[in-house]
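Only one structure is covered here, and it is reproduced in the block below.
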Amino acid sequence: MRLFLFAIGGTGARVVRSLTMMLASGIEGLDSSTEIVPIIIDYDLSNADKTRAVSALEKYSQIHSLLYPDAAGQGVSYHDNFFMTKLTPLRNAGVAGCQNLEAEYELFFGPAGTAIKFTDYLGLSSMQAKPNEKVTLDLLNALYDDSEQNDRNAELNLELTLGFKGKPNIGSVVFHELRSTPELQKFFATYNAANGDRVFIVSSIFGGTGSSGFPEIVNAIRTHQNPNVRDAIIGAVVVLPYFKLGMPDPSMGDTGAVDAGSFASKSVAALTYYHNSLNNKINSLYYVGDENVDAYDYSEGSTRQENRAHVVEFVAATSIIDFMKKNVTSADHHALEYGIKEERKDEAIKLDDFYNVSKNNYLDNLSEFTLAVKYYRDVICGDRNKIKSSAAFYSQNAFALSGKLGKGVFKFFDEFIDADYRDGQKGHWGFYPWLDEMINHDHKLHLYNVDKTLKVNDILAHKIIKGGMFSSPLTSDDNITSCMNKKSHQLPNYDDKAFFKTLREVAREIYNEVK
């Protein structure tokens, strides 16, 4: 199965980052024969949220390629492994053409750093020189505000380098050209329904980029001349408002153009439009939001837009997993919502707040991965309690880890988890920062404790793992090491792939006993 994943705007990029972290855990049912083609679309080319998502995708793909080099094209499939789902850049999808696309995981759809106003995009200056264009000019002036560029109400004079600043009435005009981009043409030429290809779209509904880009992609597919594309199975997640913004800072160039006070009204307008014109074109439509909105620092885009990972983005990412696992047909038109056992307003959401179906589908895998990562960093790498080099699985007679750590796939793995992250550091995108960021909200998602000062027994945020009266907890360092020794005994080979497979199997067995 192959999924073309269109992620629009900052919210789309943040959802992709969450999805990448979850895929690293080796989601059951999404083995190495599963392929995802992420396509992040943002008119703001320097958006920091997009940059972090792309970094996660790139590092994940490097790890996947090193662990499973024989999975592609040789009919080899890997199950129950970390990093087993394949992530493919659009330019490498399929077998023909378009290798010259500018980026691997992005659709370059913006002014490339060149200052351009909406009036320039519309070509108003040339219209003004043509008397027969007066009616068009009058219409545009009636539809759009002509305040100066630095006015928060500016529309015609809005500078587009940082995107549409929460104005879907502008974004919908610009996005109309999306279908003519080389990336969309590549998608049209590559999509193959006969091979089980599907499409999934991620967008917010309360800003400018997501709410305007989403309908354009759907309509570009549903009106395509090729029935193979036109009849594609499409899933989508619509993200409702889940944050508000602080006060703009004029010293940073903020104009106040992004009006968080209008998020609700924009959402109502978009939902009305979707209901009347779009819902019947989607086969599975997921709605995700949070009434307990968090406060973010004001930002109009670019490198300053680096929002902390959020529970809503996590849940939105799970909708992609749900869609890929379900048997969705072209005749289906489902609307779906997501809920937890109890509404948590003043305390953190934890693992035991989720229903069993969520645990079975992805949370158990994520828990196993988190346990494995903590043991790897704390004990194998020695951040807290270094393992003895004579340990059977660690030794030269087995995985020979003393000569491998910090090199090759282990170096990439270290970079992916980013265990050296410190709270609040900017520019970090890895697994540890991702978990930590979701805790640092008014509405927290606190699943795990990965602080290196804590033992593995404390890894589950909702309970402490205890041993018996005369025995250590199953998650004690010594017990995990013993399990690693037993599991690795008499393996046919001790390559890197076998190491991570063994680490996963041990983490799974232990977690199934203590969860």
Please calculate how many Å² of accessible area segment 273-425 carries per residue, with a 1.4 Å probe and no DNA, RNA or ligand atoms counted. 44 Å²
Separation in nanometres of the label points that stand 7 Å from Cα toward Cβ, at Ala335 and Phe108: 4.0 nm
Apportionment of accessible area to carbon and sulfur, segment 430-515, percent (1.4 Å): 51 percent
Per residue, how large is the accessible surface of segment 441-515? Use a 1.4 angstrom probe and give square angstrom. 53 Å²
Total charge of the residues flanking Ala194 in space, meaning their Cβ is under 14 Å from its Cβ, with Lys and Arg +1 and Asp and Glu -1, is 0
Can you tell me the order of 433-440, 471-478, 408-415, 354-361 when each peptide is scored by its average per-residue count of other Cβ atoms within 10 angstrom, highest first? 433-440, 408-415, 471-478, 354-361
Give the distance, in whole Å, between the Cα centre of segment 490-515 and the Cα centre of segment 414-477. 20 Å
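The values are calculated or read from the model by the stated rules, or taken from the named source; none is laboratory data. Everything quoted here is computed from the prediction, not taken from an experiment. Glycine also receives a Cβ, built like all others from the backbone with ideal geometry; neighbour counts cover every protein chain displayed. Each accessible area value is taken on the protein alone, full model and side chains, heavy atoms only, with ligands, DNA and RNA left out. Shrake-Rupley method; radii C 1.70, N 1.55, O 1.52, S 1.80 Å.
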